């Protein structure tokens with residue numbers, strides 16, 4: 001079994017984007033690193049990867065948590081649902097796509 005342990009994102013302002021992720025998701029910022037219980041995001045100087053096909057996801061505990069995050073981002077209308085899935089996508093300040101989702 002493989003498990004994704006971190007993501008490395010290029011940004012024109014790595015410290016600024018790290019700050020946004022830390023503040024937005026309640027994580028800890030250490031320079032250009034953002035750390036949480038089950039997340040490590042690393043930001044480096046570079047051109048953003050932002051495009052429609054590339055994204056990463058934050059898994060949450062249940063459908064209610066998806067709805068709470070969607071409300072926080074004003075994305076309630078964008079929640080997609082299926083019997084075993086609920087989620088939505090947003091963009092960070094550099095345009096990177098983030099999925100917040102639950103699945104069984």
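Only the coordinates and a few stated rules stand behind these numbers; no lab work does. Values in this document were obtained by computation on a predicted structure and should not be read as measured data. Quick reminder, even Gly has a Cβ in these numbers, built from the backbone with ideal geometry, and neighbours come from all protein chains shown.
What relative contact order, as a whole-number percentage, does segment 50-104 give when Cα pairs under 8 Å and 6 or more residues apart are counted?
47 percent
Place the peptides 15-23, 71-79, 38-46 in order of packing, highest mean first, counting for every residue the other Cβ atoms within 10 Å and averaging per peptide.
In decreasing order of mean packing, 15-23, 71-79, 38-46 become 15-23, 38-46, 71-79.
What FRET efficiency comes out for residue 42 versus residue 71 if R0 is 22 angstrom and r is the Cβ-Cβ distance? Round to the nearest 0.05.
0.15
Multiply the residue gap between residue 30 and residue 85 by 0.36 nm, knock off their C-alpha separation, and tell me the result in nm, one decimal place.
16.5 nm
Sum -39500 (n - 2.57) across every DSSP H segment of at least 4 residues in the chain, then divide by the residue count to get the 222 nm mean residue ellipticity, nearest 500.
-7000 deg cm²/dmol
Cα convex hull of segment 7-47: how many Å³ per residue?
So the per-residue hull volume is 50 Å³.
Tell me, what are the semi-axes, in whole angstrom and largest first, of the equivalent ellipsoid of segment 50-104 as set by the roots of 5 times the Cα gyration tensor eigenvalues?
Result for segment 50-104: semi-axes of 19, 12, 9 Å.
How large is log10 I(q)/I(0) at q = 0.21, 0.23 Å⁻¹ when the Debye formula is applied to the Cα atoms of the chain, each weighted equally and without solvent?
-1.18, -1.33
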